[in-house]
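Taking it in order: structure first as structure tokens, then the write-up.
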Amino acid sequence: VQLQAFGGGLVQAGGSLRLSCVASGTLFNVNRMAWYRQAPGKERELVASITNSGTTTYADSVKDRVTISRDTKNTLFLEMWSLKPEDTAVYYCYVRRLVSDYWGQGTQVTVSS
């Protein structure tokens with residue numbers, strides 16, 4: 001499985017961004033797709049996830065400010081709004097397929113105050 005993330009950038013506080021992640025390769029038996037983020041000096045943390053049945057999970061820190069979704073063409077999205085400086089991080093897309101984990105290369109999101 002290969003993952004390519006797009007859509008990061010610099011945005012002012014209160015702004016919005018839409019991240020996309022295109023998945024390719026062997027994609028049957030994907031259990032879960034997700035977005036994680038890692039800020040400088042901090043551990044990588046889950047932002048949002050979606051299972052193959054469509055069940056979504058959100059971190060408390062972003063709940064009500066992000067939506068995770070996917071289309072039928074194996075693209076994962078993360079819509080973010082009301083962004084805060086503390087949302088600044090590298091955002092990674094993730095796929096769990098059977099017992100294996102796959103990560104994208106990350107896309108930088110910077111929120112200025």
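A few notes on this one:
- Note that the stretch 96-113 has calculated 3J(HN,Hα) couplings of 10, 10, 6, 10, 10, 10, 10, 10, x, 7, x, 9, 7, 10, 10, 10, 8, 8 Hz, one per residue in order, obtained from phi through the Karplus relation 6.51 cos²θ - 1.76 cosθ + 1.60 (θ = phi - 60°); glycine and proline are x.
- Its convex hull of Cα atoms gives the stretch 57-113 a direction-averaged projected area, equal to a quarter of the hull surface, of 4.9 nm².
- With bins 5 Å wide beginning at 0, the percent of Cα pairs of the stretch 1-100 falling in each bin runs 3, 13, 25, 26, 18, 10, 4, 1.
- When the Cα positions of THR55, VAL30, GLN12 are compared along the charge dipole of the chain, VAL30 comes out farthest toward the positive end, with charges on each C-beta of Lys, Arg, Asp and Glu.
- The stretch between ASN31 and LYS63, if pulled fully straight at 0.36 nm per residue, gains 9.3 nm over its current Cα-Cα span.
- Nearest-0.05 FRET efficiency for SER24 and ARG44, computed from C-beta distance (R0 25 Å): 0.65
- GNM remark for the chain: springs join alpha carbons under 10 Å apart, and the peak mean-square fluctuation among GLY54, GLY14, GLY25 falls on GLY25.
- The amide H of GLY9, built 1.01 Å from its N in the peptide plane, has VAL109, THR110 as neighbours under 5 Å, considering only residues 5 or more places off or on other chains.
- Choice from VAL30, VAL99, VAL62 showing the highest fluctuation, given a GNM over the chain with Cα pairs closer than 10 Å: VAL99
- Across the chain, the mean sequence separation of Cα contacts (distance under 8 Å, 6 or more residues apart), normalised by length, yields a relative contact order of 37 percent.
- Charged neighbours of MET33, selected by a Cβ distance under 12 Å, balance to +2 (K, R count +1; D, E count -1).
- Each label point was placed 7 Å from the Cα along the Cα-to-Cβ direction; for SER113 and ASN52 their separation is 4.5 nm.
- Extension gain from SER100 to GLU86, taking 0.36 nm per residue of separation minus the Cα-Cα distance: 2.0 nm
- With a 1.4 Å probe rolled over the protein heavy atoms of all chains, the accessible area of GLU86, GLU79, GLU43 falls in the order GLU43, GLU86, GLU79, largest first.
- Whichever lysines have a C-alpha closer than 30 Å to that of LYS73, once near sequence neighbours (fewer than 8 apart) are set aside: LYS63
- For THR88, distant residues with modelled amide H under 5 Å away: VAL111
The values are calculated or read from the model by the stated rules, or taken from the named source; none is laboratory data. Everything numeric in this text was worked out from a predicted model, so none of it was measured. Cβ sites come from the backbone with ideal geometry, for glycine too, and all protein chains shown count toward neighbours. Heads up: the accessible areas ignore ligands, DNA and RNA and are worked out on the full protein's heavy atoms, side chains in. Shrake-Rupley method; radii C 1.70, N 1.55, O 1.52, S 1.80 Å.
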